[in-house]
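Student: This is the structure I want to talk about, given as structure tokens.
The values are calculated or read from the model by the stated rules, or taken from the named source; none is laboratory data. Keep in mind that this is a model prediction, so the values were computed, not measured. Here the Cβ positions follow ideal geometry from the backbone for every residue, glycine too, while neighbour counts run over all protein chains shown.
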Amino acid sequence: MLEFKDLVIGYNKTPLVKIPDMTIEKGQIVSIVGPNGSGKSTLLKTLTCTIPIVSGDVILYTKDGCDVNLKTIERDTAAKNISALFTDRIKGNGLRCSDIVSAGRYPYTGFFGKLTDHDTEVIGKSMDITDTEELSDRLFDSLSDGQRQRVLLARSICQEPEVLILDEPTAFLDIRYQYQLKDILSRLRQNGITIIMSIHELSLAEECSDMLITIDEDHKAEKNAPSSLKDEAFIKSLFGITG
């Protein structure tokens with residue numbers, strides 16, 4: 001699904017983190033764990049083509065059976081294969097939640113945005129997965145932060161991505177929906193969606209992930225097993241905790 005080869009990430013062509021070579025398989029969940037400022041968001045923005053790769057390659061195996069390099073990927077190909085949910089606050093501008101979610105169909109609907117029966121079915125399924133059906137006719141700006149987060153997650157799912165990028169997906173969620181996120185991740189994995197997420201909730205990362213990418217305060221990245229998060233010494237070293 002995704003293959004990292006000699007990947008170096010950073011800003012303005014300045015290297016920040018060297019990512020270990022690895023292959024992420026279809027349907028796997030990979031959590032990126034480490035202190036703030038280590039480079040987690042930089043990696044996510046690189047994978048969404050928001051910032052360019054400094055050096056090396058990321059090979060994406062698309063739903064069409066092709067392998068493409070993120071360095072040269074076409075915008076419409078990226079939109080049909082990669083979707084993302086970042087922590088940016090988004091205004092609804094008078095739109096209903098169903099309108100927000102349906103925007104996830106933009107790679108498929110063309111310039112005029114006309115929805116087909118299939119599009120409508122995908123929108124409904126995405127809102128069902130995120131438990132937002134009852135919010136369909138509500139104005140997005142009237143929602144709580146947690147409700148908005150789930151609607152935006154539905155929009156990302158609605159894009160029918162091969163790879164779903166999540167930046168702190170538990171942000172703004174109360175305890176109930178943090179638990180529900182585990183079920184959502186499980187259902188997405190069953191549907192063959194590969195998930196790469198940065199996350200602070202170590203227990204959730206340990207329980208849900210197939211693989212970890214850890215990045216410490218010195219920007220050193222490693223591939224680790226989720227069980228590493230049970231090791232207190234490992235966690236102290238990763239987060240620079242002394243004593």
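Student: So which residues in the stretch 102-118 are within 18 Å of I193 (Cβ to Cβ) and surrounded by 15 or more Cβ atoms within 10 Å (Cβ to Cβ), if there are any at all?
Tutor: Within the stretch 102-118, G104, R105, P107, Y108 qualify.
Student: Which number in (1) buried (at least 18 other Cβ atoms within 10 Å of the Cβ); (2) of a type outside the set (S, T, Y); (3) not assigned by TED's automatic domain parsing to the domain that holds K18 marks the one condition that D99 misses?
Tutor: (1)
Student: Please specify each residue of the stretch 188-212 satisfying the condition of being polar (S, T, N, Q) and not in a helix (DSSP H, G or I).
Tutor: N191, T194, S198, S209
Student: Looking only at the stretch 1-26, how many residues end up being outside any strand (DSSP E or B) and crowded, with 17+ Cβ neighbours inside 10 Å?
Tutor: 2
Student: Go through I165, I157 for me and flag whichever is surrounded by 21 or more Cβ atoms within 10 Å (Cβ to Cβ) and touching a Gly at 6+ places or on another chain (Cβ under 8 Å).
Tutor: After ruling out the rest, the residue left standing is I157.
Student: Considering only residues that are of a type in the set (V, I, T) and touching a Cys at 6+ places or on another chain (Cβ under 7 Å), look in the stretch 64-103 and name the one that is nearest to R155 (Cα to Cα).
Tutor: Ranking the candidates gives V101 first.
Student: List pairs: first in the stretch 30-43 and touching a residue at least 40 places away in the same chain (Cβ under 8 Å), second outside any loop (DSSP other than H, G, I, E, B) and of a type in the set (D, E, K, R), Cβ under 6 Å, 6+ apart or cross-chain?
Tutor: Sorted first by the residue in the stretch 30-43, then by its partner, the pairs are I32/K40; G34/K40.
Every residue, every condition in (1) out of contact with any Lys or Arg (no Cβ under 7 Å at 6 or more places or on another chain); (2) without any contact (Cβ under 8 Å) to a residue 24 or more places away in the chain, yes or no:
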site: G113; (1), (2): yes, yes
site: T116; (1), (2): yes, yes
site: D119; (1), (2): no, yes
site: S126; (1), (2): yes, no
site: L139; (1), (2): no, no
site: G146; (1), (2): yes, no
site: L152; (1), (2): yes, no
site: S156; (1), (2): yes, no
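Student: Further question: Would you point out which residue out of K63, K80 is under 15 Å from P161 (Cα atoms), outside the structural domain of K5 (by TED's automatic domain parsing) and among the basic types (K, R)?
Tutor: That would be K80, the only listed residue that is under 15 Å from P161 (Cα atoms), outside the structural domain of K5 (by TED's automatic domain parsing) and among the basic types (K, R).
Student: Additional query: Identify all residues within the stretch 75-95 that are surrounded by 17 or more Cβ atoms within 10 Å (Cβ to Cβ) and among the basic types (K, R); write none if there are none.
Tutor: K80
Student: Here is a further query. When the stretch 50-85 is examined, which residues are found to be on the phi > 0 side of the Ramachandran plot and at pLDDT below 95?
Tutor: Result: G65, single match.
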